[in-house]
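Working notes, beginning with the structure itself.
The values are calculated or read from the model by the stated rules, or taken from the named source; none is laboratory data. Keep in mind it's a predicted model, so treat the numbers as computed, not measured. Cβ coordinates were reconstructed from backbone atoms using ideal geometry, including for glycine residues, and neighbour counts include every protein chain displayed.
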Amino acid sequence: MDTSIRQLRIIQSALLISIVLYVFVALHAPVRSHGIPLMILCLALLSGAMAIAVFVIRTKMVAKCEGLLATQPDDKLVLSKWRSAYVLMWALCEAIAMYGLTLRYLGFTMTQVAPFFAAGFLLMLVFPARRPEMAR
């Protein structure tokens, strides 16, 4: 269990660092055109749906696996599903931040894309990997 938590924390840290790097790249991105307003709206709606999916995964998949791991900590199948659920949540958070980088290259200002970076980063911070005993 400790190895899994350590691995998940390394993955989460790497993903958080990559979001910081996306912001750095976006700040120095050569913007040559103006973005299409419909594009930011579409990606904002998609990001909202992905944020909702993160909460659903947390309440359905992670909570269920944590409940099982609290009683059966050596169950490798449940442990694998638990790790996969965390990685899936964080991948969705990362995708939200990547939408910000994409929009920046499509010509939107940093002010317009900053909420995408912030949402991805903060969502990932809200759901750190934790021991199932602590979840109860």
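Do we find a residue being more than 15 Å from Pro128 (Cβ to Cβ), under 13 Å from the mean Cα position of the chain (by Cα) and either modelled with pLDDT of 95 or more or not in a helix (DSSP H, G or I) (or both) anywhere in segment 24-41? No; the residues of segment 24-41 include none that is more than 15 Å from Pro128 (Cβ to Cβ), under 13 Å from the mean Cα position of the chain (by Cα) and either modelled with pLDDT of 95 or more or not in a helix (DSSP H, G or I) (or both).
Does Ser33 fit the bill of being loosely packed, with under 14 Cβ neighbours inside 10 Å, under 19 Å from Gly107 (Cα atoms) and of a type outside the set (Lys, Arg)? Give the steps one after another, and end with the answer.
Details: loosely packed, with under 14 Cβ neighbours inside 10 Å: yes; under 19 Å from Gly107 (Cα atoms): yes; of a type outside the set (Lys, Arg): yes.
Here the answer is yes, as Ser33 does meet what is asked.
Checked against (1) in contact with a helix residue (DSSP H, G or I) (Cβ under 7 Å, 6 or more places away or on another chain); (2) surrounded by 13 or more Cβ atoms within 10 Å (Cβ to Cβ); (3) of a type outside the set (S, T, N, Q), Leu27 passes all but condition (2). For segment 63-100, filtering for residues that are in contact (Cβ under 8 Å) with a residue 60 or more places away in the chain and among the β-branched types (Val, Ile, Thr) leaves 1. Determine whether segment 68-85 contains at least one residue that is farther than 29 Å from Ser4 by Cβ, in a helix (DSSP H, G or I) and not basic (Lys, Arg). Within segment 68-85 (the criterion being farther than 29 Å from Ser4 by Cβ, in a helix (DSSP H, G or I) and not basic (Lys, Arg)), the answer is no, since none of the residues qualifies. Please go through segment 1-24 and pick out each residue that is among the hydrophobic types (A, V, I, L, M, F, W, C) and either touching a helix residue (DSSP H, G or I) at 6+ places or on another chain (Cβ under 8 Å) or over 28 Å from Ala70 (Cα atoms) (or both). The answer is Met1, Leu8, Ile11, Leu15, Leu16, Ile17, Ile19, Val20, Leu21, Val23, Phe24. Only one entry of Met110, Met61, Met50 meets the criterion of being under 10 Å from the mean Cα position of the chain (by Cα), surrounded by 14 or more Cβ atoms within 10 Å (Cβ to Cβ) and among the aliphatic types (A, V, I, L, M), and that entry is Met50. In segment 101-130, what residues are of a type in the set (Val, Ile, Thr) and either touching a residue at least 60 places away in the same chain (Cβ under 8 Å) or not in a helix (DSSP H, G or I) (or both)? Scanning segment 101-130 gives Thr109, Val113.
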